[in-house]
Each structure stands twice: as structure tokens, then as C-alpha cells.
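Here's the structure, in C-alpha cells; my notes come after.
What follows is calculated from the coordinates using simple rules that are stated; it is not laboratory data. All values derive from a computational prediction rather than experimental measurement. When we count neighbours, we look across all protein chains shown, and the Cβ atoms used for this are built from the backbone with ideal geometry, even at glycine.
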């Protein structure tokens with residue numbers, strides 16, 4: 001059997017039991033590699049459960065800086081007997097299976113092409129600790145210590161991480177370090193360390209980019225910080241996985257950064273509402289009244305908010321909605337990732353409605369777009385929906401550091417002050433298209449004793465906001481809203497285009513968390529002689545660069561994480577693009593899409609030299 | 001269509017402390033049916049705001065959907081208004097109030113809007129003790145869709161169609177009392193002498209103030225068999241007269257001992273309650289619930305101020321927000337700047 005040999009380029013997966021404290025130990029493992037200067041992307045694969053069900057943690061280590069899922073597992077560390085049979089099967093040939101050897105392994109499960117490394121974690125714990133809770137917790141630290149020996153992780157880095165983790169609870173540092181040492185010693189005494197798969201400290205890492213100043217951060221925290229920097233003062237929300245941590249992080253930062261120094265009072269208000277309907281109502285009320293307001297939700301919440309989104313679109317209220325997507329429909333797989341709400345968000349509400357969507361793909365972009373969403377909402381006086389997802393929101397990703405330009409001012413859009421109203425000769429008309437960009441002027445309630453008051457409504461009205469059922473006035477207003485949506489193209493983030501080194505007629509189009517594995521797949525194909533240009537969509541409405549890119553290529557792969565090729569449909573619908581040249585590559589089993597599966601789909605399609613309009617490749621077919 | 005009222009007014013119209021006349025508090029011409037109780041409520045709100053010398057533009061009017069929710073267009077034309085979606089005004093009002101605590105918030109809802117589609121939102125805005133006047137224009141039926149029974153229609157009551165309602169009614173006053181409302185009143189659209197002082201007291205109250213106003217639907221629910229028609233309500237109302245004395249007026253009215261209860265409000269205003277049918281302590285929530293129940297058992301509608309908390313924290317106080325309206329905060333107060341971001345980045349390496 002040939003063992004996998006790899007330095008700074010492998011996938012390790014941890015199979016744990018939910019609720020046993022493994023998450024923080026696994027995090028420490030990933031962070032230690034990150035601190036050794038090696039790009040790393042950890043992913044938590046967790047159940048909708050508090051305690052007892054299987055949970056996994058997958059860490060990709062990639063010297064080249066590929067941060068998407070690669071596919072396959074080189075090392076499996078399994079401390080969960082429930083999932084052991086499947087976990088053994090999932091290891092790549094030549095890989096390693098590290099398990100708790102306190103009880104003998106069922107020999108029927110053994111594979112010849114995998115090396116089994118047994119460490120008696122439970123036995124060590126029973127010997128060392130009397131308390132049942134400590135046995136459970138320190139078992140995790142013991143395996144982290146063992147991995148340090150097996151994979152050549154700098155033990156001093158791990159010790160620093162323990163000190164960071166238990167800052168303020170110094171009593172816990174020594175026992176945690178001791179637990180790691182137990183594992184470390186056992187591995188050193190019983191195995192040849194390090195294994196063929198290992199890490200080596202890299203001072204300058206990555207081939208094409210320098211990652212030295214990068215950070216490791218989850219998208220939801222970055223999104224929350226974006227809302228702080230973007231000036232959000234009101235948040236209405238309802239708890240739902242995977243968006244809950246957006247508002248929780250917002251509150252945490254607000255309690256640090258938004259306290260009035262004179263009075264100790266809050267420069268923010270957060271209301272946990274009775275449901276998502278109310279959460280969106282709170283945002284609309286606050287935004288109508290001139291505060292910057294937002295909510296965060298996921299699929300089922302988006303469904304509930306559609307009624308209010310229609311109102312905000314039609315009444316032109318600037319709201320910000322963070323949609324951290326998970327798999328649907330209905331409850332779907334609530335703790336698994338997907339990009340399944342593109343159409344539901346783009347056209348949320350009955351009647352003719354279109355919403356501005358933003359697609360971040362890194363924590364840095366979550367921060368930037370979240371802050372920018374408030375400017376866009378005010379500028380365009382319409383809902384701005386940021387389409388994050390569970391993988392981006394809840395997992396830590398290596399990302400460029402967050403930056404802020406201190407000279408930046410909030411763009412509050414077209415708002416008339418009392419002085420503006422005094423200087424106006426013409427009658428104020430809330431829905432008058434004075435600048436011919438489809439965006440009218442608004443006033444905040446309470447601005448002026450005589451001028452500028454109007455009645456906001458979800459029913460049809462004339463340009464002076466007076467109720468009317470006049471068909472002409474209705475059509476005029478609907479056309480203006482369409483014009484405003486055209487104007488939006490000038491303001492939303494432009495797509496990112498990367499051209500291949502050789503000229504090619506093949507393109508790939510993607511967005512959000514699909515981007516990282518797509519770039520990797522494109523590089524894999526380039527090595528095989530297939531050149532592919534790429535375009536990463538960052539917003540809807542699509543600007544003209546998108547249509548141009550598609551028209552300049554004969555074949556464009558549209559790669560996304562849902563069943564129905566929703567972005568492809570949106571492109572066809574909005575751009576009147578020829579469907580035949582847009583080839584879907586789809587993945588929607590709830591796990592993040594992998595570079596290997598994307599490469600395989602594109603390779604199949606390109607080498608057959610035939611174009612099938614839609615190929616639906618699930619993870620089952622493309623083993624990831 | 002909505003039509004504005006002509007601006008021409010008699011030059012000697014009385015003015016209030018702001019020098020405004022009642023015409024400054026008018027809205028568009030009502031499109032509700034002639035004789036609709038809702039128009040009387042609009043007139044009472046208008047009168048109360050005029051007499052309290054409230055600046056019209058410092059009021060925000062909010063509503064849901066239905067006949068009642070149309071009515072904010074028909075008073076205070078110089079105020080911003082927001083006719084939101086069916087049953088969801090409480091959440092919009094919550095957001096609006098959080099954004100600017102300095103305005104006066106008047107929410108107008110109906111029995112369909114608050115007791116059916118919006119019951120959840122109604123209950124939760126009560127719990128939040130949002131500082132607002134919440135008027136339910138309660139006619140026991142869906143007017144705009146032509147007369148279906150609503151959730152507040154009494155058991156056995158019949159609309160114009162003559163079919164007796166087979167379901168138990170929802171009583172918003174009882175529900176509000178039960179979940180901790182800090183100001184609860186019931187009145188009748190046809191009794192402006194009671195309704196106007198209640199509106200004044202409710203506006204002055206710091207916290208959530210509910211006035212459930214029986215407001216007959218002249219078109220669909222004013223039959224003899226209806227318990228929300230003019231005739232029935234007039235005959236079965238247990239009336240408690242109410243006076244509102246603003247803070248700045250010297251309290252000089254004297255009532256016979258034992259017949260009047262004087263209740264001080266947080267800003268120094270006072271409410272005088274003239275006891276007739278009901279005799280209970282206005283600060284006793286339990287007594288209010290019992291009184292409402294007993295009157296209902298006796299076939300009577302108890303009206304007047306039923307409960308008012310001595311003192312309570314409104315949502316801003318619960319959340320500890322600054323006194324400056326949140327919508328007036330700027331980059332300086334809101335944006336932590338790049339230096340803090342540097343420390344964030346450092347912590348993530």
C-alpha cells in the first residue's frame with residue numbers, strides 16, 4: 001500500500017459526538033496550523049441537535065491557499081463509534097484512520113488500503129481524571145496533542161493558543177496543556193512521528209498571494225461588524241440557524257462600541273421579535289423613520305418576510321436583510337449549507353417585485369457588503385438583501401484583514417431636511433422622479449411643521465403619495481420603480497472577471513462560497529490544457545459586464561449550490577440570454593461544493609466536446 | 001381617491017397655545033360610510049391633539065389594513081402616516097418608535113387587524129410596553145370586505161345578514177390586562193365626552209396605551225341583533241365619566257368626596273374619574289379584570305379608564321437607549337473607525 005505523502009496539503013476530518021466540547025479543541029487544531037503560516041479552511045458539519053448526534057469538523061490545509069472544499073479525506077480522526085463504519089469508508093486510499101483503541105476495533109471494518117492508528121484516548125482519560133466531565137473534555141485535548149506529534153505541529157503554538165483561550169481563567173491553562181502533552185507523548189512513544197502527511201512552518205506562503213496578514217474569521221461576525229460600521233442602530237430579529245450569530249455578534253460589538261460615553265446608554269436598540277414578520281416590520285418602521293436598521297434570517301424567515309419585502313419595495317423603504325442561506329425547501333436541512341434562495345429573494349413578494357441582492361464570498365466581503373448595504377438601501381430606497389450562506393456565515397475562513405476608510409461618510413441618499421423644504425418652491429412630491437433616475441426624495445417624520453409630510457402606503461398612489469386607483473398613475477409608478485432598478489446597476493458591486501492565460505471560448509460563472517472551489521477547479525483544468533475564463537457575480541441586478549462576458553463565450557458553466565440552477569434561471573430571465581450556452585453545474589447535498597467535483601463536471605463536458613444544456617450532477621454521482 | 005378639504009376657514013376660529021386652529025389638524029376628506037363610528041374617533045383624536053396643543057408634525061400615525069386603518073388619512077394631514085400591512089402595524093410602530101423616541105405615535109387598528117390576523121403582533125407590542133396610543137376601532141365585523149364576522153363579534157350577535165355568530169369573542173381589553181398592559185381603556189365612538197379625555201390621557205401616558213373603542217359599522221353591523229350597533233351599545237354601556245387635566249392647568253375642579261378618583265400621571269397631569277357603575281382602584285389590575293368580566297356577565301359594556309400602572313418602563317427604558325433619537329446619530333457616534341478594526345484583525349490572527 002502506498003501511503004499519501006503530503007506537506008501542507010491535505011484534508012483531515014474529525015468525527016465527534018455533538019455536545020462533548022470537541023468544537024473548541026478542533027478550532028485550536030486548525031488555528032495552530034494557521035498560526036504556523038499555512039492556509040487552512042476549517043468547516044464544522046453539525047446536526048440540528050444540542051447533544052448526542054454525530055458531528056464532524058473538516059480541515060483543509062493548503063499551501064497554495066485553496067480555501068474551498070477539495071473533496072476526499074486523507075486523515076480521519078474518529079472518536080464517535082456511531083459513525084465509525086461510514087467514517088472508515090470515507091478515507092481516501094493511502095490515508096490514515098486515527099481512532100480510540102480503548103476498545104478493540106471491529107476487524108470487519110478494517111481496510112487494507114488505509115493505515116489504522118489506534119490511541120487509547122478513553123483509557124488515558126480514565127487513568128488521569130476522576131471527574132466524568134473532565135474525562136470528556138480532556139479527551140479532545142489529548143487527541144489534539146497526539147496530532148501535534150503525528151503531523152509535526154509546533155507544540156509551542158498550541159500552548160500559546162491554550163493561553164489565549166483561557167485568558168482570565170488561568171487555572172485551566174496547565175491542565176489543558178498537560179492533556180495535550182499526554183497525547184503528544186503517547187504518539188511519540190508508539191508511532192513514527194511525523195507521518196508522511198504533515199505540516200511545515202511556512203514564513204511566506206501561497207504561490208500567488210501572500211497570506212501573512214490574513215485573518216481567520218467567520219462570515220456572520222464580519223457581517224455584524226459591517227452593520228456596526230455601516231451605522232445600523234436598530235435590529236429586529238428572530239432566532240434561526242444559521243443567521244442567529246449575526247445579531248448575537250452585533251449585540252456583542254454594540255455593547256463594546258456603541259455605548260454613549262456621557263450617559264452609559266446605548267446608541268442602538270435590538271429587539272428579539274415574536275417572529276420574522278415582526279422582525280421585518282421593526283426594520284421597516286425604523287428605516288421609514290430615518291434610522292439604519294437591519295435583520296438577519298434564513299430560508300423559512302425569508303418566506304415569512306416576503307409580504308413585508310413587497311411593502312418595502314413598493315413604499316420605497318430602505319431596509320437591509322441578511323439572508324444566511326441553508327438548505328430548503330421548508331425546514332430542509334437546517335444545519336447544512338446551500339444557495340437555494342436566489343429566486344425567492346430576487347422576486348420576494350406577490351406582484352411585480354425585484355430586489356437588489358449582494359453575494360459575498362469571503363468574511364472580508366461580508367464586512368464590506370454589509371456596511372455598503374446600508375448606503376445602497378438609503379441611496380436606492382429599497383430592500384437590500386445580502387445572500388450569505390451557512391458555510392460562509394458559520395465557519396471560519398481565512399480572509400484578507402478588515403479595512404475601513406476613516407474619511408468615509410454614510411450616504412443617506414435623497415433625504416430633504418427642513419431647510420431643503422423651506423428652500424423649495426415646488427410642491428413636495430414623495431414619488432416625483434425629479435432627477436430622472438427613478439429615485440424620489442423622501443422626508444423623515446417630524447421634519448417640518450408645514451411641508452414634507454406624506455402618507456406611506458402599500459396601496460397605489462400618485463406622485464404626491466395620495467391614494468389613487470387611476471391606472472395611468474399606477475403604471476407610471478411601476479415604470480419608475482423599474483427605472484430605479486436600472487439605476488441600481490450603477491451602484492451595486494461589479495462582478496470580478498479573471499481571464500485565462502490563453503484565449504478561450506469557455507467561461508465559468510459563479511458567486512458566493514462557490515467561488516473558491518471554482519477558482520481551484522479552473523486551475524486544475526488549466527494544467528490539463530483546458531483554459532476557462534471566470535466571472536464572479538457580486539450583485540443582482542446584473543450589470544452589462546455580465547451580459548458581455550456571456551456573449552463573448554460559446555459555453556459558460558454556471559456553478560451553484562441548489563437543485564434548480566436558480567442563478568442560471570435569473571440570468572436567462574433578466575438578461576434574455578440564450579439558455580443553451582449556459583451549462584449548469586449543480587451541487588446541493590448540504591455539504592459545501594468541492595473543487596474536485598466541479599473540475600470533474602467541467603472536464604466531462606469539455607472532453608466529450610458536446611454540450612448538454614443542463615447536467616445535474618449531485619454529490620452521489622460525483623463522489624466528494 | 002382621497003380629496004383634500006378646502007382651506008378656507010372663518011377668520012375668528014379659536015386657536016390653541018400654538019396659534020393653530022382646528023383646521024390645522026384636519027386630514028383628507030373621509031371616504032368611509034356616512035355615520036361611520038371611525039370618523040367620530042378621528043374627530044376626537046383631532047380635538048384632543050388640538051386642545052393639547054400638539055404640533056401636528058411631531059405625530060406619526062400608523063395603521064394596518066381595513067376601514068379603521070384608512071382613517072389616519074382623515075386627521076392630522078401635517079403628520080407623516082404609514083398605512084402598513086394587515087395586522088402588522090405593531091411591529092412597524094415598534095421600529096418607528098425605536099428610531100425616534102421624540103415623536104408621538106398614534107396607531108389605529110381594527111378588530112380584524114388586531115384580534116385576528118394581527119393578534120400575535122398586538123400581544124407582543126403590549127408586552128414591549130411601546131410608548132404609543134393604540135386605538136382599536138372595534139365594530140365586530142370586516143367592513144371593507146362587506147360584513148363578515150370578526151373575532152370580537154359577540155356570541156349570538158348578528159350582522160346585517162342576520163346570521164348569529166357561533167363563536168366566542170376575543171376581548172382585547174381583557175387580553176391586554178392579562179399580559180401586563182400599562183394603560184387600558186374602553187370607550188364608544190359616540191361618546192366623545194368620554195373618548196377625548198381618554199385619548200389625552202393615553203397620549204400623556206408613558207408606555208403602551210390601549211383604547212378599545214366600540215365603533216359601530218353603520219352599513220354591515222348596526223342591526224338590532226348586533227351587540228356592536230349604536231342602539232345596543234347606548235343601552236348597555238356602563239359609563240364612567242373621565243376628565244383629563246393637563247399638567248400646566250391648575251387643578252381646581254372639585255368633586256363630591258367619594259365619587260371622584262384623581263389619578264396623577266408621570267408628567268404631573270391628572271385624570272379624574274367619576275365613579276358610577278364601576279367602583280374599583282384604577283391601579284388594581286386584578287380588579288379591572290374582574291370588573292370587565294362581571295359587567296360582561298351582566299350584559300353590560302364597561303367603559304372608561306380601566307387600568308393604569310403607577311409607573312412603568314417603556315421599551316426605550318428597558319433597552320437602555322440614549323435620549324437622543326437614534327435616527328439623529330451620525331458617523332461620529334456610530335462608526336468605531338479603522339483603529340478598532342486593527343485590533344479586531346490582530347485578535348483574529
Using Cα atoms only, what is the angle between the long axis of helix B:192-204 and the major principal axis of chain B, expressed in degrees (0 to 90) to the nearest 10?
20 degrees
Sorted by packing (mean other beta-carbon atoms within 10 Å per residue), highest first, where do A:501-514, B:129-142 land?
B:129-142, A:501-514
Residue A:178-residue A:331 FRET efficiency (beta carbon distance; Förster radius 41 Å; 0.05 resolution)
0.40
Could you order the peptides A:268-281, B:283-296, A:243-256, A:91-104 from most to least packed, using the average number of other C-beta atoms within 10 Å per residue?
A:268-281, A:243-256, A:91-104, B:283-296
Considering only DSSP beta bridges where both residues belong to chain B, give the percentage that are antiparallel (nearest 5).
40 percent
Alpha-carbon centroid distance for the pair segment A:164-189 / segment A:410-480, whole angstrom:
64 Å
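Arrange the following residues from fewest to most other Cβ atoms within 10 Å of their Cβ: A:560, A:307. If you can, show how the numbers build up before the last one.
On the way: A:560 27, A:307 18.
Going from least to most buried by this count: A:307, A:560.
Suppose we keep just the DSSP beta bridges with both residues in segment A:6-210; what percent of those would be antiparallel, to 5?
50 percent
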Under 1.5 on a/c is rounded, so check that first for the protein assembly as shown, then, if it is not, pick prolate when a/b is larger than b/c and oblate when it is not; a ≥ b ≥ c are the square roots of the alpha carbon gyration tensor eigenvalues.
prolate
Residue order, fewest to most surrounding Cβ atoms within 10 angstrom, among B:179, A:585, A:215, A:572:
B:179, A:572, A:215, A:585
Shielding by other protein chains, A:457-465, mean Cβ within 10 Å:
3
Estimate the FRET efficiency between residue A:490 and residue A:169 by the formula 1/(1 + (r/R0)^6), using the beta-carbon distance for r and 45 Å for R0, to the nearest 0.05.
0.30
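Other chains' Cβ within 10 Å of B:68-77 residues: what's the mean?
Average neighbour count from other chains, rounded to a whole number: 1.
Can you give the mean number of other chain Cβ atoms that lie within 10 Å of the Cβ atoms in peptide A:225-234? Provide the component values of the computation, followed by the final result.
Details: counts 4, 0, 0, 4, 8, 2, 6, 2, 11, 9.
Neighbouring Cβ atoms belonging to other protein chains average 5 per residue here.
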Given the Cα-Cα distance of residue A:252 and residue A:48 and 0.36 nm per residue of separation, how much length would full extension add, in nm?
71.0 nm
Sequence ranges A:450-457, B:297-304, ranked by mean other-Cβ count within 10 angstrom, highest first:
A:450-457, B:297-304
Which whole-angstrom value gives the distance between the alpha carbon centres of segment A:286-359 and segment A:103-124?
48 Å
So for the protein assembly as shown: antiparallel DSSP bridges make up what percent, rounded to the nearest 5?
35 percent
